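Each reported figure results from applying straightforward, stated rules to the coordinates on display, with no laboratory input. Here the structure is a predicted model, which is why all the values come from computation and not from measurement. Cβ atoms come from the backbone with ideal geometry, glycine included; neighbour counts cover every protein chain shown.
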Amino acid sequence: MPEKLLPPNPPLSDGVILLRPFRADDALDITAACQDPAIQRWIPVIPVPYTEADARRFILMALQSWNDGTRYEFAIADAASDLYIGSVGLNLGPNPRRHAIGYLVAPEARGRGVATRAVRLITRWAFESLAIERLALWTLPGNVASQDVAEKAGFRYEGLVRNWEADRDDRPIDAVMFSMTPADLADDLAEAGDAPAPGRLSSPPDRTTGAPPIARFPRELRATGTRAAPFVEIAAVSDLEPGTMRRVTLADFDLLVAWTEDGIVVSDDRCPHMSAPLSIGELEGCVVACPLHEGRFDLRSGETVRMPTTGGLDADGLYHSPWSPSGTLPRSEPPSKKLAARRLTRVNRLRYYSARIRDGHLEAQLPILPE
Ligand code: FES
C-alpha cells in the first residue's frame, strides 16, 4: 500500500511558483489551458474537446486521490498571484519503482522555466516524503520541450519504450523514458549548488572514509552529451592530492582532474583559449594559470579571470587587446594573418564532467562505455 501524505503546509515553493492543492475556482483556468493544441497533442489522457465539466471532474479526482493516497496532484500557481498556471502530479504505482511524474503548463505561462521548477519541487518532495527507489517521467517521442524539462530537472534519459501508452483511440504509442534515483537526486542537488555548504568546501570530505569533496560547477557548463552518460572510473582517490592537477587520458578524452580549494573538478585538459594542457599550468585556490599565454581561468565558475597575453575575443565575443604588465604598452605589430587569427580567437568557457567518489575511486560521467 502506498503511504498517505497530506498536502505540504506551507505549500512547496521556490519563490517564483508554488504547488498547492486544486481549488474549485481553478476550473476555468484549467479549461482554458486544455484548449491548447500542444497540450491536446502531447497528453493523450486529456479529453478532446475539453469542457469545464472535465475540469471539475479532474479537480474532484485530484482532491479525492489525496485522500486515497493513490496519487498526489498539485496546481502550479504563480507565487505572487496564487493563480493557476499549470498542473503537476505524482502517480503512485503499487511498486515503489513505478511511480511517475506528469505535468502541463498553460500556454501563457511558458518560456519562464515553470515546468522545470515544478518538476524539481515535486521530485524533491517525493524523494523526501516517500520510500522511492526510482521516479519515472515519460513523454511522447516528438515532445522535445518536455524532454528538455526532464533533463533540466535532473532526470536521466533512458531510451524509447515501445507501445508504452495508448492514444485516444486506444492504439499503442511509443514513449521516451526518463528516470531519477536517489543517487541522481543527490548528484543534481550538489551540481545545482543546493546542498548545504559548511565552511569553504562545497561538499565536505566524508567523515568516515575521508573521501575528497566534489566541487560544484555551473549546471549550464556541463559538457555536451554527458547528462545521461555512464559514470566511468578515472582515478584512484589515493593518487590525488589537494591543490594539485593531473591529466587523465581515457579513450580520446584528455581530462583535467584538479583538486581546488572547493573540491575536485573534472573538465577537459584543454585551455579554453588555444587548447594548451592546463594540467601543466599552476593552480592557485580555484584559479588555473595556463602555461602558454598566461590566461587564468576560475575552475569554480568557468570564467576567464585574466585574458591571454595575445588578446582576442572573450566568451561573449567582445574583443580584448593583448595584455601587458601595467605601466607598459602592448607591443605593436604589423597586420598579418597571424595577428588576425589571434584577434579572432575566442576564449570560451570551460566545460565540466559530473564526478563522484565510489569505493575509493573518482568517477566522471563520460560518453564512453566503461570497460
Ligand atoms: S592556450 Fe592558454 S592562454 Fe593561450
Three-way shape call for the stretch 12-180 based on the alpha-carbon gyration tensor, with the a/c threshold at 1.5: rounded
Per DSSP H run of at least 4 residues, take -39500 (n - 2.57); add these up for the chain, divide by its residues and hand me the 222 nm value, nearest 500 deg cm²/dmol. -6000 deg cm²/dmol
What are the residues whose amide H is under 5 Å from the amide H of ASP268, where those residues sit 5 or more places off or on another chain and H is modelled from the backbone? LEU256, ARG351
Could you give me the ³J(HN,Hα) list for the stretch 223-233, computed from phi with Karplus coefficients 6.51, -1.76, 1.60 and θ = phi - 60°, whole Hz, x at Gly and Pro? 4, 4, x, 10, 4, 9, 6, x, 7, 10, 5
So for the pair GLU233, ASN67, with labels modelled 7 Å out along Cα→Cβ, what separation do we get in nm? 5.5
Using θ = phi - 60° and Karplus 6.51 cos²θ - 1.76 cosθ + 1.60, couplings along the stretch 344-352 (whole Hz; Gly, Pro as x): 8, 7, 9, 8, 7, 8, 5, 10, 10
Compute the signed sum of charges (Lys and Arg +1, Asp and Glu -1) over the other residues within less than 9 Å, Cβ to Cβ, of LEU90. 0
How tilted is helix 182-192 with respect to the longest principal axis of the chain? Cα atoms for both, answer in degrees (0 to 90, nearest 10). 50
Taking the Cα centre of the chain as origin, work out the dipole magnitude from +1 charges on Lys and Arg Cβ and -1 charges on Asp and Glu Cβ, in debye rounded to 20. 680
Counting Lys +1, Arg +1, Asp -1, Glu -1, what net charge surrounds ASP174 among other residues with beta carbon under 12 Å of its beta carbon? 0
Can you give the angle from 0 to 90° between the axis of helix 52-68 and the longest principal axis of the chain, with both taken from C-alpha atoms, to the nearest 10? 80
Rank these for me by crowding, THR226, THR123, THR139, going from fewest to most other beta carbons within 10 Å. THR226, THR139, THR123
Looking at the square roots a ≥ b ≥ c of the eigenvalues of the Cα gyration tensor of the chain, which shape do they give, rounded for a/c under 1.5, prolate if a/b is larger than b/c, or oblate? prolate
Starting at the first residue of the stretch 288-301, write each ³J(HN,Hα) from the Karplus equation 6.51 cos²θ - 1.76 cosθ + 1.60 with θ = phi - 60°, in whole Hz, x for Gly and Pro. 9, 9, 6, x, 8, 10, 6, x, 10, 10, 7, 6, 7, 10
Would you work out the relative contact order for the chain, in percent, from Cα pairs under 8 angstrom that are 6 or more residues apart? 11
Using the count of nearby Cβ atoms within 10 Å as a rough guide to exposure, how do THR249, THR224, THR309, THR304 rank from fewest to most? THR224, THR249, THR309, THR304
Estimated FRET transfer efficiency (SER321, GLU158; beta-carbon r; R0 41 Å; 0.05): 0.25
Among residues other than ALA55 whose Cβ falls under 14 Å from its Cβ, what is the net charge (Lys/Arg +1, Asp/Glu -1)? -4
Which value in nm describes the separation of the simple spin-label points at ALA79 and GLN35, placed 7 Å from the Cα toward the beta carbon? 3.1
So who's got an amide H within less than 5 Å of the one on ARG346, skipping anything under 5 residues away but keeping other chains? H placed 1.01 Å off N, in plane. LEU313
Acute angle (nearest 10 degrees) that the helix 114-129 long axis makes with the longest principal axis of the chain, alpha-carbon atoms: 80
